[in-house]
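*Asks:* Here it is, the structure, as structure tokens.
The values are calculated or read from the model by the stated rules, or taken from the named source; none is laboratory data. Computed from a prediction, not measured in an experiment: that's the story for all the values here. As a convention, Cβ positions derive from the backbone with ideal geometry for all residues, glycine included, and neighbour counts pool all protein chains shown. All accessible areas refer to the heavy atoms of the entire protein, side chains included, with ligands and DNA or RNA removed. Shrake-Rupley method; radii C 1.70, N 1.55, O 1.52, S 1.80 Å.
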Amino acid sequence: MLISRIGANLGVNNFSFGTKQNQRVSFSMPCDTVTFSGKVSQEDKKPQLKEKTIYIFLGAPASGKGTQAEKLAEELDIAHISTGDLLREEVKNGTELGIEAAKYMNSGKLVPTELFQKLLIGRISQDDCKKGYILDGFPRTEEQAEMIDELNQTDNAKIKVIQLSVDEEKLLERMLSRAKVQNRADDTPEKLKTRIDVYNGVRDTLVRYYGDKVVNIDANKDIQGVKAQIDESIQEDLV
Ligand code: AMP
């Protein structure tokens, strides 16, 4: 919502703002009585979850997990947690964890869970995860899936797995164009192949593990096409 303030030098504050529906509302009041109570935001209009929900985005590298997870997090006002991003941050900061993790990440292999378990638990204990959160890139093994279940024992949050399926040819194409933009050390063709193989190796195990919690999305479509399918699949989770 855009709010503009004009004419203060006349001793009056004139405010006008456009609503989402594009109606323009104006009002004015003397300078010394201007107070703003109430939140001027679109928060109220955000869709609300019926219960705490953990969305797990499952998909090969470059399947669009990050992009779609970010959009959904914004839409539902919940946290988006990418273990890849958490780890890259550690690498960037040159922490002990980062230095150790980089050895695996640079060759496209999985970082041992024990290395970053504490970091992840710390992250999902934060306030912005209270209503729910999105896990992007986690779990990647059955052991990690069990870890989420254990952590979720007290909350008993709903778990929904959004699986983004993309043809391998398309994945490689996307990864190579992303590599040019992001200059990621693990986006070279050989490492990409390793990462796709690592994902394919665990995909079926995770899909079996989660059973009917999995929603399959055709992620060969463009961003909007994928988003539309995800939006449809979460309707049942909303108030
Ligand atoms: P991503 O950005 O999700 O593709 O992750 C980049 C890299 O971070 C992966 O290739 C792994 O080396 C590491 N990584 C991210 N998430 C995990 C995870 N859940 N378990 C182990 N390693 C991970």
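*Asks:* Being open to solvent by less than 60 Å² (accessible area, probe 1.4 Å), of a type outside the set (A, V, I, L, M) and closer than 11 Å to D136 by Cβ is the filter here; which residues of the range 57-72 pass it?
*Replies:* Answer for the range 57-72, where residues must be open to solvent by less than 60 Å² (accessible area, probe 1.4 Å), of a type outside the set (A, V, I, L, M) and closer than 11 Å to D136 by Cβ: F57, G59, S63, G64, K65, G66, Q68.
*Asks:* What residue, of Q126, Q117, is modelled with pLDDT of 95 or more, more than 15 Å from the ligand (Cβ to nearest atom), open to solvent by 60 Å² or more (accessible area, probe 1.4 Å) and not acidic (D, E)?
*Replies:* Answer to the selection: Q126.
*Asks:* Can you find even one residue in the range 93-113 that is within 10 Å of the ligand (Cβ to nearest atom), hydrophobic (A, V, I, L, M, F, W, C), part of a helix (DSSP H, G or I) and open to solvent by 10 Å² or more (accessible area, probe 1.4 Å)?
*Replies:* Taking every residue of the range 93-113 in turn, at least one turns out to be within 10 Å of the ligand (Cβ to nearest atom), hydrophobic (A, V, I, L, M, F, W, C), part of a helix (DSSP H, G or I) and open to solvent by 10 Å² or more (accessible area, probe 1.4 Å).
*Asks:* Tell me, which residue of the range 205-239 that is open to solvent by 80 Å² or more (accessible area, probe 1.4 Å) and in a helix (DSSP H, G or I) is nearest to T67 (Cα to Cα)?
*Replies:* For the range 205-239, the residue satisfying everything is I223.
*Asks:* Working only within the range 73-85, note down all residues that are open to solvent by 40 Å² or more (accessible area, probe 1.4 Å) and near the ligand (Cβ under 8 Å from one of its atoms).
*Replies:* Passing the criteria: only D85.
*Asks:* Which members of the range 116-146 meet the condition of being without any contact (Cβ under 8 Å) to a residue 40 or more places away in the chain, farther than 15 Å from V202 by Cβ and part of a helix (DSSP H, G or I)?
*Replies:* Hits for the range 116-146 are F116, Q117, K118, L119, L120, I121, G122, D127.
*Asks:* Follow-up. Confirm whether K130 is within 21 Å of the chain's Cα centre (by Cα), farther than 24 Å from T67 by Cβ and of a type in the set (K, R).
*Replies:* Taking the combined requirement at face value, the residue satisfies it.
*Asks:* Then there is this: Given the conditions (1) within 20 Å of the chain's Cα centre (by Cα); (2) open to solvent by 30 Å² or more (accessible area, probe 1.4 Å); (3) at pLDDT 95 or above, report the number of the one that Q42 does not fulfil.
*Replies:* Exception for Q42: condition (3).
*Asks:* Among the residues of the range 184-201, how many are under 21 Å from the mean Cα position of the chain (by Cα) and either assigned to a helix (DSSP H, G or I) or not charged (D, E, K, R) (or both)?
*Replies:* Going through the range 184-201 one residue at a time, the tally reaches 3.
*Asks:* Are any residues in the range 137-170 within 22 Å of P61 (Cα to Cα), open to solvent by 60 Å² or more (accessible area, probe 1.4 Å) and away from the ligand (no atom under 15 Å from the Cβ), and if so, which ones?
*Replies:* Listed by number, the residues that qualify are D167, E168, E169, K170.
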